[in-house]
Amino acid sequence: MLCPHCGSELASDAAFCIRCGAILAPAVSPPDLPPVKDYLTVNIVLLALTALCCSCTPALVTGILGVVFASQVKSLVQEGKRAQAEEKSRLAKSLAIATGVLMGVTALLLIAYLLFFFCFYGVAFASLLNQMSFSALAALLL
Ligand SMILES: [Zn+2]
């Protein structure tokens, strides 16, 4: 940087001018904008849960897309492309929500299916046991 008083070349972090002694104000940093949330952690957690619990669902697709978009947010901010970063951030957030909802729906369907399965086969199994004991009883009696 250049000294605003005498114009001599100075180190960029100089606190005062070594030639004229002028005290230099610290470099004005751009106004602090709120950081762009990348929703990376939540997307990774959701994707991991999806892969663990119910892998064959659309939640896997939204989960992967969410992680991809979320991982681009930070580098876009660093490149100064804040508008694009915010766009990706919004996408990552929507995808995280979509993944969560899809996972919830899938889990409910799975629970309903398992309940149905156990009830249906439970009844069938019970009646089979009944029949067996009846025939065993009949065999004893005859
Ligand atoms: Zn100076």
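All of the numbers you see were taken from the coordinates with simple rules; none came from a lab. Here the structure is a predicted model, which is why all the values come from computation and not from measurement. Quick reminder, even Gly has a Cβ in these numbers, built from the backbone with ideal geometry, and neighbours come from all protein chains shown.
Using a 10 angstrom cutoff on alpha carbons, build the Gaussian network for the chain and name the most mobile of F120, F16, F69.
Most flexible of the set in this elastic network: F16.
Can you tell me which of 58-64, 76-82 comes out highest on packing, and rank the rest after it, using the mean Cβ neighbours within 10 Å? Walk me through the numbers before you get to the answer.
Details: 58-64: 20.0, 76-82: 13.4.
The peptides rank, most packed first, as 58-64, 76-82.
Please report the net charge: other residues with Cβ closer than 13 Å to the Cβ of G80, K and R +1, D and E -1.
Numbers: positive: K74, K81, R82; negative: E79, E86.
Computed value for this residue: +1.
Given the convex hull of the Cα atoms of the chain, what is a quarter of its surface area in nm²? Intermediate results must be reported in sequence, preceding the final value.
Details: hull surface 56.1 nm².
Directional mean of the projected Cα hull area for the chain stands at 14.0 nm².
What percent does the relative contact order of the chain come to when contacts are Cα pairs within less than 8 Å and at least six residues apart?
Numbers: 129 pairs, mean separation 27.3, N = 142.
Value for the chain: 19 percent.
Read phi for every residue in region 117-131 and hand back ³J(HN,Hα) as whole Hz from Karplus 6.51 cos²θ - 1.76 cosθ + 1.60, θ = phi - 60°, with x for Gly and Pro.
Going residue by residue, I get 4, 5, 5, 4, 6, x, 5, 4, 5, 5, 5, 5, 4, 4, 4 Hz, with x marking Gly and Pro.
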